[in-house]
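FYI, it's all coordinate maths here, none of it is from the lab. Not measured: the values here are computed from a predicted model.
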Amino acid sequence: MSLISKSYRLAKRALNRLYTRYVKLQAINTPVCRIEEIDTVKQIVIIHCKGIDAPIKLKLSETINDLVILSNLSPQHASWIGYYYGKSYISTEASSASVMNTHDLLQNDGESDYAIIYQDRKGNIAFQNRSDYQQQIYSPIKLISDNSLINKFSAQQACFLGIQAGIAANKKSHHRKQSLTTKSQLRLVKTS
């Protein structure tokens, strides 16, 4: 056996090991769960997880408070859950006993490219790139509608952004309805 064929086999074996490690690392970074359906009327989300035959049915409020399920969703799917929860947040706030804890959603996991820094008075979100520490400010609706941006956040932070976007969209539609139904009226008051 020649020295070249021996070194070729060793190099091939080393490349195969590197490739399998790379595939395993890629599998770790892919989401385990995905959304199959969101019922906005009943406030139920149906989630399918790899390795489980039966889909999981949860209320939106239960999904928001379950960090294990949220962390196994893609940031885009987590933002969708947050958005629909935020759209119904005002109506469920008074009737629901389970209140969302946003502090848990804002914890940094260290694996995402972006981290939320603060929310200003207008509702815009300031976030920072972890590699070059550059800060940017966007509205939450713009953040969740841009797939390349939302996928750079962790799933928990994407869910928080979705909640803020849902609340903002709900407020905008509420103000539009209110402005259409009420007319401004001036009343003359005669003073003597």
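How much length would be gained if the chain were fully extended between Ala126 and Leu67, taking 0.36 nm per residue of separation minus their Cα-Cα distance, in nm to one decimal?
Separation in residues times 0.36 nm, less the Cα-Cα distance, equals 19.0 nm.
Could you give the length gained on full extension between Lys57 and Ser145, defined as 0.36 nm per residue of separation minus the Cα-Cα distance, in nm? All intermediate terms of the calculation are to be shown ahead of the outcome.
Working: separation 88, 0.36 × 88 = 31.68 nm, distance 2.54 nm.
That works out to 29.1 nm of additional length.
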